[in-house]
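The values are calculated or read from the model by the stated rules, or taken from the named source; none is laboratory data. Please read these numbers as outputs of a predicted model, since none were measured by experiment. Here the Cβ positions follow ideal geometry from the backbone for every residue, glycine too, while neighbour counts run over all protein chains shown. With ligands, DNA and RNA removed, areas are computed over all heavy atoms of the protein, side chains included. Shrake-Rupley method; radii C 1.70, N 1.55, O 1.52, S 1.80 Å.
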Amino acid sequence: MQKTELVYGLPWLQTKPERAIFDELQFACVYAAGPLGGRPLRLGASTNLKKRIECLQPGSWEPLKVHHAIWTTNEAFAVRIFNDTAALFDKANRRLVGDWFDVTPEFTIQAFRIAAEKANITFLPHDAMLEKVRGIRAKRLDKGIVVRR
């Protein structure tokens, strides 16, 4: 079984080769992070989720957890999903201050999906992104292994 590191509540890539493949793919994410209870949530887009949450943590009154993240093929797509989601929440008067919103993780997941589908942006849930990276790693290992008889 693949070892998995938890990063702010999400399973993460464990090995250097996996992280290198992740970097090659140039993924970007839209995330919802907040206290363990789930409210309020800080929404944003990032190409380096772990470092982004590390930067946000000192300003939080509680330890932060990433409640949800979806991954796109580039930063522009992630920013578009974030902006459309924030606009939706603004219409509902859910913005508190900055990029903090009074919404639940479940509602945010649906808003991310709606924004992505409306903009016709393909995305991967976090677990699917991990599977994709690990699948590429496995294919590369299979190609490099020579069986001698």
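Tabulated data
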{"item": "Of the chymotrypsin sites (Phe, Trp or Tyr not before Pro) in the stretch 1-110, those whose Cβ has at most 10 other Cβ within 10 Å and which sit in DSSP loop", "result": "Trp61"}
{"item": "Principal axis box of the stretch 38-104, alpha-carbon based, largest edge first, Å", "result": "32, 30, 17"}
{"item": "Whole-Å distance, taken between Cα centres, linking the stretch 32-49 and the stretch 73-149", "result": "13 Å"}
{"item": "Percent RCO, i.e. relative contact order, over the stretch 19-149, from Cα pairs under 8 Å lying at least 6 residues apart", "result": "29 percent"}
{"item": "Per residue accessible area of the stretch 20-146, 1.4 Å probe, in Å²", "result": "55 Å²"}
{"item": "Whole-percent carbon and sulfur share, accessible surface of the chain, 1.4 Å", "result": "53 percent"}
{"item": "Per-bin percent of Cα-Cα distances, the chain [5 Å]", "result": "2, 9, 18, 21, 18, 13, 8, 4, 3, 2, 1, 1, 0, 0"}
{"item": "For q = 0.12, 0.28 Å⁻¹, Debye-computed log10 I/I(0) when each Cα of the stretch 1-71 counts as one equal scatterer", "result": "-0.33, -1.35"}
{"item": "Flagged links, alpha-carbon separation over 29 Å, of Lys118/Lys139; Lys50/Lys132; Lys65/Lys91; Lys65/Lys132; Lys16/Lys118", "result": "Lys118/Lys139; Lys16/Lys118"}
